[in-house]
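Undergrad: To start, I am sharing the structure in question, which I have written as structure tokens.
Bear in mind these aren't lab numbers, they're just calculated from the coordinates by the rules spelled out. Quantities reported herein were computed from a predicted structural model and do not represent experimental measurements. Please note: Cβ atoms are built from the backbone with ideal geometry, for glycine as well, and neighbour counts cover all protein chains shown.
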Amino acid sequence: MSAGQINISVVIPVKNEAENIPTLVSQLETALQSLVPFEVIYVNDGSVDKTEQKLWELAKTRPWLRQIKHGVSAGQSAAIRTGTRAARAHIIATLDGDGQNNPVYIPELYRYLIEAGTSMGLAAGQRTGRKDTAFKRFQSRIANKVRGRILKDNTRDSGCGLKAFRRDAFLSLPYFDAIHRFLPALMIREGYQICHVDVIDRPRQHGVSNYGFWRRASQGLIDLCGVWWLLKRRKPSPTVTEIILDAD
């Protein structure tokens, strides 16, 4: 099936999430029925558990399920970019592979993008009833307030993995590690509209987070300064017209 014939490509970065994969794949199969034909791309980001084998087994009976593997872990943003590059649909949805993001919201995110037309670049989930620890919720709340005040993107929860965006819009953005946490501000920078959808968070059923909080926190201020610089350096795109010579 060629590009454009698939309604949506769902990209899921995973690192050592073998136990969470079967349940999420089953939930995706149900949640995406209204969007057939679709594809689900798991980007195996250097897992050392049974993630590869579990996905391989599930893909035997699910032609819409794909697995792309990083030889070594490159991080969540790199995995999202890998999956988006490989995607065959013009609309991409993302969610975390730990099962905390409920895929039932994907059709709603997709509908917002389709109904708004090409002016809408991003439909982003914002979590309610978060199931993380009190400490992590507190840290995220402070980080989001600081980020929102500086970037002014009207987003209260930039860390929610549930998002839908236009493939060409995403690939046109300047790439850097942790870009997935700044998509609202960067889409606005490129002239796109964005919208937000409240989504109910779920508890993790198995394992622990493999993308550490302290690593994100240590880099967060640098990333924030970099995105602020990008916003300030943005200039309006000029109107472009090709002059065609008259054949006569």
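Undergrad: Highest first, please rank the peptides 33-40, 151-158 by the mean number of other Cβ atoms sitting within 10 Å of their residues.
TA: Answer by packing, highest mean first, reads 151-158, 33-40.
Undergrad: Please go through the residue pairs Lys50/Lys163; Lys163/Lys232; Lys69/Lys232; Lys50/Lys152 and name each one whose alpha carbons sit more than 31 Å apart in this structure.
TA: Violating the 31 Å limit, Cα to Cα: Lys69/Lys232; Lys50/Lys152.
Undergrad: Here's a follow-up. Largest first and in whole Å, give the semi-axes of region 8-233's equivalent ellipsoid, each being the square root of 5 times a Cα gyration tensor eigenvalue.
TA: Sorted largest first and rounded, they come to 26, 21, 17 Å.
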